[in-house]
1. Take residues that are of a type in the set (S, T, N, Q) and closer than 21 Å to Asp510 by Cβ and tell me which of the helices (runs of 4 or more DSSP H) falling wholly in segment 541-616 contain 2 or more.
2. Within segment 423-444, can you find the residues that are farther than 29 Å from Gly501 by Cβ and assigned to a helix (DSSP H, G or I)?
3. Any residue at all in segment 511-519 that is outside any loop (DSSP other than H, G, I, E, B), crowded, with 22+ Cβ neighbours inside 10 Å and in contact (Cβ under 8 Å) with a residue 40 or more places away in the chain?
4. Exactly one of (1) crowded, with 17+ Cβ neighbours inside 10 Å; (2) over 25 Å from the mean Cα position of the chain (by Cα); (3) not in a helix (DSSP H, G or I); (4) not hydroxyl-bearing (Ser, Thr, Tyr) is unmet by Phe271. Its number?
5. For segment 342-369, which residues satisfy the criterion of being of a type in the set (Val, Ile, Thr), surrounded by fewer than 18 Cβ atoms within 10 Å (Cβ to Cβ) and touching a residue at least 24 places away in the same chain (Cβ under 8 Å)?
6. Against the condition surrounded by fewer than 21 Cβ atoms within 10 Å (Cβ to Cβ) and either in a strand (DSSP E or B) or modelled with pLDDT of 95 or more (or both), how does Asp82 come out, does it pass?
Amino acid sequence: MLLRENRVFAVAVGGEPKDLSVMGRMGAGELEDIEGLTFSSTAGKAVYRHSASHILAHAVKELFPDAKLAIGPATAEGFYYDFDIHVPFTPADLEAIEKRMLELIKKNSPFIRKEISKTEAAEIFGRMGETYKAELLQDIASGETVSIYEEGGFVDLCRGPHVPNTGRIKAVKLLSIAGAYWRGDEKRKMLQRIYGTAFDSKEELKKYLEFLEEVKKRDHRKLGRELDLFSINEEIGAGLILWHPNGAIIRKTIEDFWRDEHLKADYKLLFSPHMARLDLWRKSGHWDFYRENMYSPMEVEGMEYEIKPMNCPFHLAVYKSGLKSYRDLPVRYAELGTVYRFERSGVLHGLMRVRGFTQDDAHIFAREDQLEGEILNILDFTLFILNTFGFEEYDVYLSTRPEKYVGSPENWELATKALRLALEAKGLKYDIDPGEGVFYGPKIDIKVKDSLGRAWQCSTIQVDFNNPERFDVSYRGTDGKEHRPIMIHRALMGSLERFFGILIEHYAGDFPLWLAPAQVEVLTIAERHIEFAGSVSAALRKEGIRVQENFENEKIGYKIRHSAMRKVPYSVIIGDKETESGGAALSARKKNGESIGPFPIAGLIDFLTEEIKTRR
C-alpha cells in the first residue's frame, strides 16, 4: 500500500492534500480512502515545494530580522517567497540564505500545525510586526479559524499542508531575485521575490539545473540579439517589436507559407484597419468583457475610436457586406491582422508577451450541419501547419463555459459537444479545462511541445453563437428564410511574434534551411576568387536562394567558423579548383562540417531548392 512507503510525506483526503499527521486522528475505516502523496505527483510536488518556501522564509528572518513576510506559494517548477526589505537582496545574500536553509534542513525540525482563531492570529502577527500577514487576515471572516505552522521556533501564517519535518527536503536551490508588487497591484509596494526550486533527490535537482542552463542558451532574447533577428527600443515603447532584416525574412517566409496554404484550403484573405469606432467594440462585447486589455479610446472629429484588440468585428462586417445563401456557406476568411492589447510592463517578455502583435486569424461562418466537419478540417489544418514547423507533440484542452458568459446554455452545450466529437473523431487525447472558455463560446486549445519538452499555447478553435446574433448576420436557407450562421474563430500559430520566439528556442536559433535567414554563405579563399564567387552568389540568388557573402581578406578557417556561429546551414567555398572548373565542381559544406557534392552549379541549385521545397 502506498501509505506504507517511506516516500510518502503527505496525504490526500477526498482529493484535498493534508498533513501526514491527520492519519493519527482517523479511524481504521477512514484510512482506506486516503491517498498517499509523494514527489511523483503534482499535488505532492506542491506540498514539498511549499514546505521549502516556508524554510526559505525562516532562513531570511534569521539573517534579515527586519524583513517582513508576504506570501510564499509553490509553483509548477518550484516556489517563491515575497519579502519587504529596505535594501534589495544581492546574489551574495542569495548564497547566504541558501546555506542557512540547508542548515535548517539538517536540523530535521518537525512542522507543527496549530489552528487558532482569527483574533488570536491577528494578535500574534501584530506583535511580530508582520503587517502583510495582518492584511491577509483581514480577508478572513470574523469567527473563522486559521492555521499557523511552526518549525524550529519560526512561525508563519499558512494553510499548509507541509512535509513532516525539514529533513524531508532532500535538495533545494535558490535561483533568482525579482521585484513583485504586493498583490500584483502596481500601486502597492514593490517587494523582493526570491525564486527557488526543490527536488526529492540531488540527481533530479542536477538534471533540472542542467535543463535551466539549456533554456538560458536557447533564450530567444539572447539569440535574437546574437543572430540580429529583432529588438525592442524603449524610445519606441515597451512590448513593441522591431523586426530586423534577418527576422523579417523569416517572418516573410512564414507568412508566404501561411497565405499559400490558406488559399489551397479555400480561405479568402482579408486586410482590416488598425482602429475602429468605439461603438463597434461595444457591439461586439469586447468593451464589456475585455476592457482591461484594451487601450483608452481616442477622439477623432468628435467620435471615440479604439485601437483594435481583435480582428473578428471586421470580418463580420465583410460578411455582412453582401447577401449570403446556404450554398455560399461555409465562408472562410483569414487575415494576418495586427492587434494591440494592454499588458502591464511587469509581464512583458521579449516576443512571448508583447503589446502589439500579428495574429494568424481566421473566422468561418457555417451552418449548424457543417459545424463538426469544419472543426475536423481545422484540426487537420492545425496539425499540418504545426508539423511543418517541426512540432509533433501536443497537449490538447477542451475549455468549457466560464462564470461570465453570453449566449444561451443550450448553444454552449451544442458548441461544446461539436468540439468534443471532433476531438474524439480525430483520436486526439484531451483534457477538460473547466471554466476557461472565452466569454462568447467554448474552445479547443492546442499547446505544442518544443525540443525541451516545454508546452506553449499556440492554436485555438472557438465556437461563437454570440457575435452572429449581436451583428445580425444571416444567410438565406433552403426554405427562403433568414437563418443565423455559427461563427468559428481560429488561430493556428497564434501570435506571429510569440510563435517566432517559440521557433527560436525550439531550434536554438539553428533554423531548418527553408526558414534560415541566410541559407548559403559563399566564402572565398583569396582575393583572386572574388569575381567567380560573385557569379556563384548571383546564380543562387536568381533561383530564390538566400545568399550572403564573405569575401573579406581573412583565413578560410575563420570564415567557416564565423558562418557556423551565425548558424548558416550551408557554405560554399570558392578556391582555385572551383574557379578553374568554371562551376563544374562545387561542394556545399554543412555547418556541422559534413561536405555535400561536388555538384555543377545547376546540381547545387537543384539540391538546395529540393530541401527548401520539402521543408525538411
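1. Values: elements: 556-565, 576-581, 601-614.
Answer list for segment 541-616: 601-614.
2. Those that are farther than 29 Å from Gly501 by Cβ and assigned to a helix (DSSP H, G or I): Glu424, Ala425.
3. Looking through segment 511-519, none of the residues is outside any loop (DSSP other than H, G, I, E, B), crowded, with 22+ Cβ neighbours inside 10 Å and in contact (Cβ under 8 Å) with a residue 40 or more places away in the chain.
4. (1)
5. Residues satisfying the conditions do not exist here.
6. The answer is no for Asp82.
Listed here are the residues, each with its yes/no results for (1) among the polar types (S, T, N, Q); (2) in contact with a helix residue (DSSP H, G or I) (Cβ under 8 Å, 6 or more places away or on another chain); (3) assigned to a loop (DSSP other than H, G, I, E, B).
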position	(1), (2), (3)
Ile194	no, yes, no
Lys206	no, no, no
Glu214	no, no, no
Arg221	no, no, no
Ala238	no, yes, yes
Gly247	no, yes, no
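The rows are residues; the columns are (1) small (Gly, Ala, Ser); (2) under 15 Å from Gly72 (Cα atoms); (3) in contact (Cβ under 8 Å) with a residue 60 or more places away in the chain; (4) in contact with a Cys (Cβ under 6 Å, 6 or more places away or on another chain).
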site	(1), (2), (3), (4)
Gly143	yes, no, no, no
Tyr149	no, yes, yes, yes
Gly153	yes, no, no, no
Cys158	no, yes, yes, no
Val163	no, no, yes, no
Trp182	no, yes, yes, no
Lys187	no, no, no, no
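The values are calculated or read from the model by the stated rules, or taken from the named source; none is laboratory data. Because the structure is a prediction, the values reported are computed rather than measured. Don't worry about glycine lacking a Cβ; one is built from the backbone with ideal geometry, like all the others, and counts go over all protein chains shown.
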